[in-house]
Amino acid sequence: MDTCNVPVIAIDGPSASGKGTVAQRVAEKLGFHYLDSGALYRLVAWAAMRSGADLADESILGGMAARLDVIFRDGKIQLGEEDVTDAIRTESCGRVASRIAAYPGVRAMLLERQRAFCQSPGLVADGRDMGSVVFPCAVLKIFLTASVEIRARRRHKQLMEKGIDANISNLLQDLRERDMRDSGRSVAPLRQGEDAHLLDTTTLDIEQAVKGVLECYARIGETGRPGSNR
Ligand code: DC
């Protein structure tokens with residue numbers, strides 16, 4: 001399948017691994033577009049919660065995914081008339097997103113929307129299935145992870161900085177459950193592909209992780225050729 005006509009860097013990994021921040025910084029450094037695919041699942045979850053939709057009804061949720069009236073601009077996310085940038089970042093929205101992301105009908109409706117981000121001069125996309133399903137032709141595939149304990153600590157720090165009270169053992173349990181759901185589902189499960197480079201950030205800070213991705217990319221060379229996984 002040939003979905004990329006520009007270089008794509010796919011960064012997949014579990015929740016709170018730091019992949020979003022790393023992907024965004026890599027995109028900035030390279031002057032590439034950036035796709036936060038998790039935001040799309042969070043948007044469907046948010047819209048479903050807001051409307052009181054039955055979270056067990058795959059076809060209703062699929063319809064919502066198809067009709068998402070979303071604009072990503074200047075780091076802000078607008079759904080219809082509403083700025084939902086912060087609203088979709090809550091832990092409860094993440095939990096529901098992980099649940100509805102198991103529905104093939106929801107995933108299918110978001111596929112072309114994600115591929116539309118693939119524009120010149122290139123794209124950095126983060127999520128769970130960027131390298132395996134959405135952009136199998138990515139020139140570089142990274143599986144970015146960290147121990148669950150360190151991810152819980154990072155998430156805790158992040159929430160505290162935002163003034164949101166959080167309990168580290170609850171976060172740890174929540175991340176474990178989410179890891180299990182995201183990697184245990186039958187469609188597009190989270191896992192390291194054979195063609196993906198492992199980047200374990202347990203002992204790395206953001207800048208070191210960004211450097212790691214950029215070094216991998218430099219080694220590949222900026223051929224920008226579709227499917228040039230070397
Ligand atoms: O990356 P995130 O925490 O914002 O993602 C929220 C949920 O969305 C995550 O638990 C699983 C789902 N997701 C997915 O299934 N596939 C993606 N490409 C991105 C996110």
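The values are calculated or read from the model by the stated rules, or taken from the named source; none is laboratory data. Predicted model only: the values in this text are computed from it and were never measured. Cβ placement follows ideal geometry from the backbone for every residue including glycine, while neighbour counts extend to all protein chains displayed. Accessible surface is based on the protein model in full, side chains and every heavy atom, while ligands, DNA and RNA are left aside. Shrake-Rupley method; radii C 1.70, N 1.55, O 1.52, S 1.80 Å.
Scanning the range 97-119 for residues that are open to solvent by less than 30 Å² (accessible area, probe 1.4 Å) and among the polar types (S, T, N, Q) yields Ser98, Gln114.
Being more than 10 Å from the ligand (Cβ to nearest atom) and open to solvent by less than 30 Å² (accessible area, probe 1.4 Å) narrows it down to one of Gly94, Gly122, so name that one. Step through it out loud before you land on a result.
Numbers: Gly94 fails: more than 10 Å from the ligand (Cβ to nearest atom).
None of the other options fit; the residue is Gly122.
Filtering the range 165-175 to residues that are open to solvent by 80 Å² or more (accessible area, probe 1.4 Å) and either outside any helix (DSSP H, G or I) or touching a residue at least 24 places away in the same chain (Cβ under 8 Å) (or both) leaves only Asp165. Selection of first residues in the range 79-96 that are within 14 Å of Leu40 (Cβ to Cβ) and of second residues that are open to solvent by less than 40 Å² (accessible area, probe 1.4 Å) and not hydrophobic (A, V, I, L, M, F, W, C), restricted to Cβ pairs under 7 Å at least 6 apart or on distinct chains, gives the following pairs, ordered by first then second residue: Ile88/Arg42; Cys93/Arg42; Gly94/Ser15; Gly94/Arg42. Among the residues of the range 54-91, those that are part of a helix (DSSP H, G or I), farther than 27 Å from Glu28 by Cα and open to solvent by 70 Å² or more (accessible area, probe 1.4 Å) comprise Ser59, Ile60, Arg67. The single condition among (1) touching a residue at least 24 places away in the same chain (Cβ under 8 Å); (2) on the phi < 0 side of the Ramachandran plot that Gly18 does not meet is (2). Just one of (1) assigned to a loop (DSSP other than H, G, I, E, B); (2) within 15 Å of the ligand (Cβ to nearest atom) trips up Val6, so point out which. Result: Val6 passes all but (2). Listed by first and then second residue, the pairs linking a residue in the range 21-43 that is within 21 Å of Ala146 (Cβ to Cβ) and among the acidic types (Asp, Glu) to a residue that is more than 10 Å from the ligand (Cβ to nearest atom) and at pLDDT 95 or above, with Cβ atoms under 6 Å apart and 6 or more places separating them unless they lie on different chains, form an empty list. Among the residues making up the range 97-118, those that are away from the ligand (no atom under 11 Å from the Cβ) and either part of a loop (DSSP other than H, G, I, E, B) or under 15 Å from the mean Cα position of the chain (by Cα) (or both) are Arg113, Arg115, Ala116, Phe117, Cys118.
With respect to (1) crowded, with 20+ Cβ neighbours inside 10 Å; (2) assigned to a loop (DSSP other than H, G, I, E, B), the lone exception for Trp46 is condition (2). Candidates Val124, Val148, Val187: the one that is under 30 Å from Cys4 (Cα atoms) and either more than 17 Å from the chain's Cα centre (by Cα) or at pLDDT 95 or above (or both) is Val124. Checked against (1) part of a strand (DSSP E or B); (2) out of contact with any Ser or Thr (no Cβ under 8 Å at 6 or more places or on another chain), Ala125 meets all criteria but (2).
If the condition is being more than 13 Å from the ligand (Cβ to nearest atom) and either in contact with a helix residue (DSSP H, G or I) (Cβ under 9 Å, 6 or more places away or on another chain) or under 21 Å from Val84 (Cα atoms) (or both), then the range 14-33 contributes Arg25, Val26, Lys29, Leu30, Phe32, His33.
Within the range 176-220, the set of residues being open to solvent by 40 Å² or more (accessible area, probe 1.4 Å), within 15 Å of the ligand (Cβ to nearest atom) and in a helix (DSSP H, G or I) comprises Arg176, Glu177, Met180, Arg181, Ser183, Gly184.
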